[in-house]
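Structure first, commentary second.
The values are calculated or read from the model by the stated rules, or taken from the named source; none is laboratory data. Keep in mind that this is a model prediction, so the values were computed, not measured. Every residue, glycine as well, gets a Cβ built from its backbone with ideal geometry; the counts of neighbours run over all protein chains shown. Please note that ligands, DNA and RNA were not included when accessible areas were found on the heavy atoms of the full protein model with its side chains. Shrake-Rupley method; radii C 1.70, N 1.55, O 1.52, S 1.80 Å.
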Amino acid sequence: MTKPRILIQLDTDPQPSVFDSVVAVDAGVEQLFRHSGVTAEKVRDLVYGAIFTRGPDELKHTAIFIGGSDVAAGEALLVQIKRTFFGPMRVSVMMDANGANTTAAAAVLAVLKHVNPAETTATVLGATGPVGQRVVRLLAGAGAAVRVGSRRIDRAKDVCPVVAAAVPGAKLSPHVTASPADVALALSTSQVVVAAGPPGACLLPAEVRRASKTLKVAIDLNAVPPLGIEGLDARDKATQRDGQLCYGALGIGATKMKIHKAAIRRLFESNDQVLDAEEMLEIGKTL
Amino acid sequence: MTKPRILIQLDTDPQPSVFDSVVAVDAGVEQLFRHSGVTAEKVRDLVYGAIFTRGPDELKHTAIFIGGSDVAAGEALLVQIKRTFFGPMRVSVMMDANGANTTAAAAVLAVLKHVNPAETTATVLGATGPVGQRVVRLLAGAGAAVRVGSRRIDRAKDVCPVVAAAVPGAKLSPHVTASPADVALALSTSQVVVAAGPPGACLLPAEVRRASKTLKVAIDLNAVPPLGIEGLDARDKATQRDGQLCYGALGIGATKMKIHKAAIRRLFESNDQVLDAEEMLEIGKTL
Amino acid sequence: MTKPRILIQLDTDPQPSVFDSVVAVDAGVEQLFRHSGVTAEKVRDLVYGAIFTRGPDELKHTAIFIGGSDVAAGEALLVQIKRTFFGPMRVSVMMDANGANTTAAAAVLAVLKHVNPAETTATVLGATGPVGQRVVRLLAGAGAAVRVGSRRIDRAKDVCPVVAAAVPGAKLSPHVTASPADVALALSTSQVVVAAGPPGACLLPAEVRRASKTLKVAIDLNAVPPLGIEGLDARDKATQRDGQLCYGALGIGATKMKIHKAAIRRLFESNDQVLDAEEMLEIGKTL
């Protein structure tokens, strides 16, 4: 008899995410163990409980999901969880704190539908935040030249070597985006722009966007008005605006959800997977 | 394939109620997401998780249950949850903090078995508490004239307009019940008395009850001795005592449980229901 | 229709044990209600929720598991839970805080495979801890003479009357084990030694073990190096070393797990069982 599929939901927030739980159940999880307030310091025993309870052939029916609104805390959990594994004593893990990985993967998947990355320059606005950094990583990994935009040039400069270490050969350049003129300069030779700033902050005025003669694809990941790219609608999904293909946060939501569910299902195919941004983009490509 | 029935149990106590969880499972809930320590301030993200994860046609397979020992806290949750819904983005909700709604509905259902409410005057003792107020509301809504009894007349007077606002045309009168003589006066022209006071407080002495020449039905909702109505037994269920039909807390327990389970099942019939006291009484009538 | 099998997992730690949860699910539990931070003072309402929700014939489909790393806290929970039951209003309970009962039962089961307890003297090292005391109880209950070993003689002396009260006719003697010579003296006439000390503390040097001319069976319950018995391997399972049959913590792990799962299954056979160390040893004998 096959063992029930168990997902151990490790959430760093005070309440476990209902969103992540519903998606898990709808992706076929049979028993969901929900934990909130999880810290890297205290995660070891929870991981032991995952790896010491089923035989080697059955470990693939147990998996771990890392969630919560704090992406850095989720990353710290992932590091500690991987450290706790040894030899074949491991289970598959998916990290999607704040939806950062599924969101970044869905955004980049939308980009790849419309341009050849090897011939593309992309500007990422709000590139130093958790979603922004992942978008940079995935675009660079696909071969695009990426402008790492931040209102503070020192932050943009800090992110470049971090991404370069993860993506050998990445074509990256830091770019200050403190003023509309700064943004206009970046867009003047970009085919793609992705806005990954905080909710409710407009990073790209409409007239700057329209003024770009090279821009083909504009993606905004902010669902809370005012949007990150002025003139878009959160529901935009390859919507033509001023000769540009536009996507809003809700417009990439369906793809994000598909990636999320497919990733959960993938967890139960073997016991040795770590699903981070790159793996979720690959999963997205197969959908 | 039908989506599993998910119930999101939002409990305001430090531990989620086992009682509510068992009833949910026995009413057919397949996946129970249990939350404790839930506050109105922090409930929004949990509701978003409920409404943003399934398609419009599938939202009826997700529902919310509000529980916990603090009825006021549960009511505050319900207000906030309803505020978070918008348009078709909603799921059905049942509020039964401290069992107040199912208890009140079961009590009034017992009353309605024996009298014609339009021709009935009912006295509710302990009418200012959460269960008492609900009993007043349901009796008034059924057409009975209701005496709102409280040891403090100012409290009784405060409750009347609150209930009147919810039940247009309600026939209500505040009634002080500080002494046995006060209670005797109320009962001298009442056909029904319901005691909804705190556990272990006797609100109606046996001789006062026996002295009433009009009383047909006496219902006590207190299961902890001493009972709220002297001379009754908590297990009384339409038990004849001194020519009166008597019910104790355990005696209405079976009906309460049936209403509770039926209400849980009802939640999954559509995504737009709010099951409060009135809805539970209606559900009770169909059993 | 049969009611789903519900296990109420009451854990005294801040996070509920994943280990206990996986084992529960793999033993056939259909709905697992996980509670953490449970205290004896607040457990009553959780127990009421277990016993007041299903009919007498169905109560056997609900059960309680007590876990967490603090054995004393788990014992206090068990006392309070049993106090809350009355008449037929009860569900079966298994207590296995820190795995103490399943570990002790598995260790003693290994002993009984190789010796006739009525003709055996056994030394328990670290006998005053929660696992050690249980090993003493089970060995004494099986008829063996038991040396209750502790680095402090006063503690050893305190444990003897506690065990004797639980096991009438128990043959017990306190034994100081402060120095290797003390241990050597105990082992000089023992056929069995069980080391139940804290993780990472060596209680029995290799040369003392080898010097015993009577020792047949050596069991170490410590999985963290350095082991409690020098020269053993945590994976030893009836492994011959120096003419002695040796077991390590992992070596008895498979039996411990079988007892744990069988005990969970046993819970759902009736509603009146209390599964503590003795019951788990009996369950182990049937496997």
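Data for the structure
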| read-out | value |
| --- | --- |
| Long-range HN-HN contacts of residue B:195 with modeled amide H, under 5 Å | B:125, B:219, B:220, B:221 |
| Threshold 50 Å², segment A:1-48 residues less accessible with all protein chains present than alone (1.4 Å probe) | A:15, A:18, A:19, A:22, A:25, A:26, A:31, A:33, A:34, A:35 |
| C-alpha center-to-center spacing [segment C:136-182, segment B:141-161] in angstrom | 68 |
| Accessible area buried between chains C and B, both sides summed, probe 1.4 Å, in Å² to nearest 100 | 1200 |
| Amide H contacts under 5 Å for residue C:237, placed H, 5+ residues apart | C:248 |
| Alpha-carbon Debye profile of chain C, log10 I(q)/I(0) at 0.09, 0.16 Å⁻¹ | -0.43, -1.17 |
| Between segment B:199-278 and segment A:193-223, the Cα center-to-center distance that results, in Å | 63 |
| Reciprocal of mean inverse Cα separation for segment A:159-227 (Kirkwood radius, Å) | 13.3 |
| Under the span-like rule (Cα at least 18 Å along the axis, Kyte-Doolittle mean at least 0.5), DSSP H helices of chain A | A:71-84, A:100-114, A:153-166 |
| Qualifying trypsin sites (Lys or Arg not before Pro) in segment C:213-246, DSSP loop, other Cβ atoms within 10 Å at most 13 | C:213, C:235 |
| With DNA, RNA and ligands ignored, accessible area of residue A:179 (1.4 Å probe; Å², nearest 10) | 40 |
| Of all chain A residues, the one whose C-beta is nearest the axis that brings A onto C, in angstrom | A:34, 5 |
| Distances in nm from residue B:201 to the matching label points in the other copies, shortest first (labels 7 Å along Cα to Cβ) | 5.4, 5.4 |
| Accessible surface ranking that places the most exposed of A:269, C:58, A:30 first, with a 1.4 angstrom probe | A:269, A:30, C:58 |
| Above-threshold pairs, the threshold being 18 Å between Cα atoms, out of A:60/A:82; C:82/C:157; B:113/B:216; A:256/A:285 | C:82/C:157 |
| Rg/Rh (Cα only; Kirkwood hydrodynamic radius) as it applies to the protein assembly as shown | 1.07 |
| Estimated distance in nm for a label pair at residue B:2 and residue B:272, the labels positioned 7 Å out from Cα along Cα-to-Cβ | 2.2 |
| Computed over chain A: relative contact order in percent, which uses C-alpha pairs under 8 Å that are six or more apart | 18 |
| Spacing of the two label points (7 Å from each Cα toward its C-beta) at residue A:113 and residue A:89, in nm | 4.6 |
| Amide H within-cut-off set for residue A:94, under 5 Å, with H built and near neighbours excluded | A:64, A:65, A:66, A:275 |
| Area of residue A:44 that stays accessible when all protein chains are in place (1.4 Å probe, Å², to 10) | 120 |
| Label 7 Å beyond Cα on the Cβ vector: residue A:28 copy-to-copy distances, nm | 2.6, 2.6 |
| Segment residue C:173-residue C:69, extension gain: residue separation times 0.36 nm, minus the distance between their alpha carbons | 34.6 nm |
| Relative contact order of segment B:185-286, defined on C-alpha pairs under 8 angstrom at six or more residues apart (%) | 21 |
| Relative contact order (%) - criterion: Cα under 8 Å, at least six apart; region: segment A:100-252 | 20 |
| Dmax and Rg, reported as Rg then Dmax, of segment A:6-95 (C-alpha, Å) | 12.2, 34 |
| Phi-based couplings in Hz for segment C:239-246 (Karplus 6.51, -1.76, 1.60; Gly and Pro marked x) | 7, 6, 9, 6, x, 10, 8, 10 |
| Inter-copy label distances at residue A:168 (7 Å, Cα→Cβ; nm, one decimal) | 7.7, 7.7 |
